[in-house]
1. Take Lys177 and tell me if it is out of contact with any Lys or Arg (no Cβ under 8 Å at 6 or more places or on another chain), touching a residue at least 60 places away in the same chain (Cβ under 8 Å) and of a type outside the set (A, V, I, L, M, F, W, C).
2. Test Asp377 against the criterion of being closer than 19 Å to Val336 by Cβ, at pLDDT 95 or above, within 28 Å of the chain's Cα centre (by Cα) and open to solvent by 10 Å² or more (accessible area, probe 1.4 Å), and give yes or no.
3. If I filter segment 105-127 down to residues being touching a strand residue (DSSP E or B) at 6+ places or on another chain (Cβ under 8 Å) and of a type in the set (Ser, Thr, Tyr), which single residue comes out as farthest from Asp483 (Cα to Cα)?
4. So for segment 335-353 (the condition being in a loop (DSSP other than H, G, I, E, B) and charged (D, E, K, R)), does at least one residue qualify?
5. Would you mind telling me which numbered condition in (1) open to solvent by less than 10 Å² (accessible area, probe 1.4 Å); (2) under 13 Å from the mean Cα position of the chain (by Cα) Leu162 fails?
6. Condition first: open to solvent by less than 40 Å² (accessible area, probe 1.4 Å) and either of a type in the set (Gly, Ala, Ser) or not in a helix (DSSP H, G or I) (or both). Now tell me which residues in segment 50-63 satisfy that.
7. Take segment 451-468 and flag every residue that is touching a helix residue (DSSP H, G or I) at 6+ places or on another chain (Cβ under 9 Å) and on the phi > 0 side of the Ramachandran plot.
8. Take segment 283-301 and flag every residue that is of a type in the set (A, V, I, L, M, F, W, C) and crowded, with 21+ Cβ neighbours inside 10 Å.
Amino acid sequence: MKTVNHWIGGKTVEGASGNYGPVTDPATGEVTTQVALASADEVDAAVRVAQEAYQSWGQSSLAARTKVLFAYRALLDANRDAIAELITAEHGKVHSDALGEVARGLEIVELACGITTQLKGELSTSVSNRVDVAAIRQPLGVVAGITPFNFPAMVPMWMFPLAVACGNTFILKPSEKDPSAANKLAELASEAGLPAGVLNVVHGDKAAVDALLAHPGIAAVSFVGSTPIARHIHTTASANGKRVQALGGAKNHMLVLPDADLDAAADAAVSAAYGSAGERCMAISAVVAVGSIGDELVEKIRERAEKIKIGPGNDPASEMGPLITAAHRDKVASYVKGAADQGADVVLDGTGYTVGGFEKGHWIGLSLLDNVKTDSDAYRDEIFGPVLCVLRAETYEEGVALINASPFGNGTAIFTRDGGAARRFQLEIEAGMVGVNVPIPVPVGYHSFGGWKDSLFGDHHIYGNDGIHFYTRGKVVTTRWPDPSEAPAGVDLGFPRNH
């Protein structure tokens, strides 16, 4: 059986704890790989390697860093298919979706290639008599990233390219459910010329996470995952004196107004709800239909959903793959099975779905629930599967109030032809990312990604300018150089005068 080990100090390091976790092919249900699970001592060893590497990398020139990053971008581009194949084999998403994940991660690498511009700093000359003030940003030291299973390549690339471009060294703790893509990313970085110890991958479970959160050698922690874990990460790491950005869960809404193009809205709802089997923090999981359009919209969604081809991710004909584990499949199914008892109309029931020849895979079909109540489990919880809830509202105001009452505030969208309504929506809605006739408003790499309320813990969003600020700290330098022609000014106990 294949074993995925750690990547520390520019090389593969075998696990020393004796503990291993299973990695399953979601399409077959078979355990294909085992992954080493690090102990606290192994985490400490990785931190020490990263600390040593920081001594030189943190002082390296921007030219040296960007040379590596440009080479890394080229290697990632050349290995898109290989990375996508690893994602499909362990996560289950279809190959085209995996390729899209790699492409979105590449955007952040490209942003990191331009770090010379982002770290220029500021200078004010002659703020007083021969006094200049400069503002600069410097790296933090060793930083860590804890990433989820649903995007095993993209989310790590949201973190470490910017972190190392800013001069930090990095320890990545990816999900133990699909660990191979992380190692491939690290190997390619080494091939691109990244010095040993700058990027390290430590696999593990809660023991490894807790060790990272407590380690005094780590200055900052980035996290993407569920809200309960994000809250724990933020509380624990902050208590240990670390800077934290912890992105939590979501219940993303799509408000559809009566004047919307219902065909476009239905296309968007199906794509955003069921893409990647719903295992996206930016998936649309709740559609709010306003006015009399609800029945027609639900019918259009049903017609499209029934045509989606479900199958193994490596089959070019497949549009949706399996879920990551059997346990997660069963949890998702439980929401559908209990929906009717809590007042919903089950328009499509995807539970019990299977694929011929792959009966042991983690399969589930597409589910569509109509007339869902806001106090039902299917609405309140982040299901993280191919389940779409439809709620009804009589007016725009009622729909906005419904969305704003959610404890989550990750992303949301409005579908309308009315520019005035769209403008009101983007200002009145309480979410960090808003789409206008765009169902999944994930920002491009040079804008930052992040939500509000229980979808974000910490002050910084991820990547973009927020990411650069998160991985650096500001310093202001005030200088005065005496003119050679002047005598010393003498002692002055008064407050420095700028006027």
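The values are calculated or read from the model by the stated rules, or taken from the named source; none is laboratory data. Model, not experiment: these values are computed from the prediction. Don't worry about glycine lacking a Cβ; one is built from the backbone with ideal geometry, like all the others, and counts go over all protein chains shown. With ligands, DNA and RNA removed, areas are computed over all heavy atoms of the protein, side chains included. Shrake-Rupley method; radii C 1.70, N 1.55, O 1.52, S 1.80 Å.
1. Details: out of contact with any Lys or Arg (no Cβ under 8 Å at 6 or more places or on another chain): yes; touching a residue at least 60 places away in the same chain (Cβ under 8 Å): yes; of a type outside the set (A, V, I, L, M, F, W, C): yes.
Here the answer is yes, as Lys177 does meet what is asked.
2. yes
3. If we filter segment 105-127 for residues that are touching a strand residue (DSSP E or B) at 6+ places or on another chain (Cβ under 8 Å), which is where we start, we get 119, 121-127.
Now drop any that are not of a type in the set (Ser, Thr, Tyr), which leaves 124-126.
On the way: Ser124: 19, Thr125: 15, Ser126: 13 Å.
Restricting to residues being touching a strand residue (DSSP E or B) at 6+ places or on another chain (Cβ under 8 Å) and of a type in the set (Ser, Thr, Tyr), the top hit is Ser124.
4. Checked against the condition, which is being in a loop (DSSP other than H, G, I, E, B) and charged (D, E, K, R), segment 335-353 yields at least one hit.
5. (2)
6. Just the residues of segment 50-63 that are open to solvent by less than 40 Å² (accessible area, probe 1.4 Å), to begin with: 50, 53, 57-58, 60.
Hits for segment 50-63 are Ala50, Ala53, Gly58, Ser60.
7. Of everything in segment 451-468, those that are touching a helix residue (DSSP H, G or I) at 6+ places or on another chain (Cβ under 9 Å) and on the phi > 0 side of the Ramachandran plot turn out to be Gly458, Tyr463, Gly464.
8. Here is the first cut: in segment 283-301, the residues of a type in the set (A, V, I, L, M, F, W, C) are 283-284, 286-290, 293, 297-298, 301.
Passing the criteria: Ala283, Ile284, Ala286, Val287, Val288, Ala289, Val290, Leu297, Val298, Ile301.
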